[in-house]
Amino acid sequence: MRWGFFRYLGDRTLMVVPTLLSAFLVWVVLVGVGVERDVRVLVLALMLAALVFGLVLDYGRRSDFWRSVSRAVGDAADDALAVSDLVEEPGFAEGKVCWQALDAVSREGYARATSAMREASEYREYIEAWVHEAKTPIAAARLIVDNNPGKVSSDISRELIRIDGYVEQALFYARSATVDRDYSIREVMLRDIVSDALRAHARTLIDAGMSVEREGLDVPVFADPKWVAFILGQLFENAAKYRAPEGSSRTPSLRLLASRDSVGEARELVLLRVEDNGLGIEPQDLPRVFDKGFVGKNGRLGGQSKSTGLGLFLTRRLCGKMGLGVSIESEPGSWTRVTLAFPADRSHYVDYLD
């Protein structure tokens, strides 16, 4: 809110009005006792001059403080707790009380933020430790079923794969919820990341009868390969889960196509399109697919009722942390396409984050 002299006068109404009334009464009294006009004018002028002088001096010392507070609020829009650090303690009583209140709120806010960050870090460390511990019996169980082939073992193996996927989701969800930068951006071939993700989810894609087509993946990108592989895994799982139903005239397929965009410009990108020919997404659901827990119409149908709604939510969150772009398009009953945008080189990566 703008600070000005007239606003200050409005705030001082309870002081100015009584003073003017007092000057009027003094004038009436002086008239009543027969004081000469020149003397009455002089007395009234001295009273008004004293009032104006006091208001100007008071406004001067207060305006510096309130204007600095207003500037600090604007400068610290993303960190309101820093306002007291940007403003000097004033010399008048009300200002001191205000500044001390701001300082107390700031200290308490920083203390709570620090405590929350510490708890989040401890939670993430616990989840990471739990995930590593949980993976051991999962791997052992998968080894047992692999050594004992059969229909029951095959069914158990599928469930173990699902459990392993949920464990991975828990790990990356915990990592995505912290402010720590625990990912490593480096140059890596997009082909290698895609291959790792396909190997990790091969059983799911094979069980879904999906054919995979890759094109133009021999390009370098800057990203954390493990995080991107996890993101692709979520997209592969969705493609398999929401594939065309049995009896459909089209064979389930997954297409991965890389291309360059804005070549030669400051923000040159490598675009990776992951497209399937499954159920698609209803238009009314499309704007919300990245929301946490949202599963949409198809996710509520039949066997998909147990969808967590976390896959695309984590996709967007992890992309945001790495400075990657992500978008989605779909035609209901026909196809869904998710596009990941990677900065083309390291310098562009920094600009992309900015």
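The values are calculated or read from the model by the stated rules, or taken from the named source; none is laboratory data. A quick note: this is a predicted structure, and the numbers were derived from the prediction, not measured. Here the Cβ positions follow ideal geometry from the backbone for every residue, glycine too, while neighbour counts run over all protein chains shown. Calculation scope for accessible area: heavy atoms of the full protein, side chains included, ligands and nucleic acids excluded. Shrake-Rupley method; radii C 1.70, N 1.55, O 1.52, S 1.80 Å.
Taking 8 Å as the Cα distance limit and 6 or more residues as the minimum spacing, I'd like the relative contact order of the chain as a percentage.
Across the chain, relative contact order equals 11 percent.
Run the count for the chain, please: Lys pairs, Cα-Cα under 23 angstrom, 8 or more apart or on different chains.
Eligible lysine pairs with Cα atoms under 23 Å apart amount to 12.
In Å and from the alpha-carbon atoms only, list the Rg and Dmax of the chain.
Here Rg and the maximum Cα pair distance are 33.8, 121 Å.
Let me know the shape class of the range 176-239, please: from the alpha-carbon gyration tensor, a ≥ b ≥ c as square roots of the eigenvalues, rounded when a/c is under 1.5, otherwise prolate if a/b is greater than b/c, or oblate. All intermediate terms of the calculation are to be shown ahead of the outcome.
Working: a/c = 3.09, a/b = 1.43, b/c = 2.16.
Cα axes put the range 176-239 in the oblate bin.
As a test question: what accessible area, to the nearest 10 Å², does S22 have when a 1.4 Å probe is rolled over all protein chains in place?
Accessible area, nearest 10 Å²: 60 Å².
Which percent of the accessible area of the range 81-144 is formed by carbon and sulfur heavy atoms (probe 1.4 angstrom)?
Here it works out to 61 percent.
Of the listed peptides 275-283, 132-140, what is their order by residue-averaged count of other C-beta atoms within 10 Å, with the highest listed first?
275-283, 132-140
Return the long-range amide H neighbours of L310 (sequence gap of 5 or more, or a different chain), with a cut-off of under 5 Å between placed amide H atoms.
Correct list: G293.
Using DSSP H assignments, which helices in the chain have an axial alpha-carbon span of 27 Å or above and a mean Kyte-Doolittle hydropathy of 1.6 or higher? Walk me through the numbers before you get to the answer.
Working: long enough: 13-32 (28 Å, 2.28); 37-75 (55 Å, 0.61); 93-146 (78 Å, -0.31); 151-176 (38 Å, -0.20).
Helices meeting the criterion: 13-32.
Could you work out the helix-only [θ] at 222 nm for the chain, with each DSSP H run of four or more residues adding -39,500 (n - 2.57) and the total divided by the number of residues, to the nearest 500 deg cm²/dmol?
On the way: 12 runs with 208 residues, N = 354.
The per-residue figure over the chain is -20000 deg cm²/dmol.
For a distance above 19 Å, tell me the whole-number percent of Cα pairs in the range 143-278 that qualify.
Working: 5467 of 9180 pairs.
The calculated P(r) of the range 143-278 puts 60 percent of pairs beyond 19 Å.
Given a 10 angstrom Cα cut-off, can you work out which residue in V105, V194, V43 is the most mobile in a GNM of the chain?
Comparing V105, V194, V43 in a Gaussian network model of the chain, the most mobile one is V43.
For the chain, modelled as a GNM with alpha-carbon contacts under 10 angstrom, which of G293, G60, G325 fluctuates the most?
Comparing G293, G60, G325 in the GNM, the peak value goes to G60.
With a cut-off of at most 13 other beta carbons within 10 Å, and DSSP calling the residue loop, which trypsin sites (Lys or Arg not before Pro) in the range 185-245 qualify? Please list them.
For trypsin sites (Lys or Arg not before Pro) across the range 185-245 that sit outside H, G, I, E and B with at most 13 neighbouring Cβ atoms in 10 Å, the list is empty.
Quick one: accessible area per residue over the chain, 1.4 Å probe, rounded to a whole number of Å²?
On the way: 20300 Å² over 354 residues.
Accessible area per residue: 57 Å².
Can you tally the net charge around D218? Count Lys and Arg as +1, Asp and Glu as -1, for every other residue whose Cβ sits under 13 Å from the Cβ of D218.
Computed value for this residue: +1.
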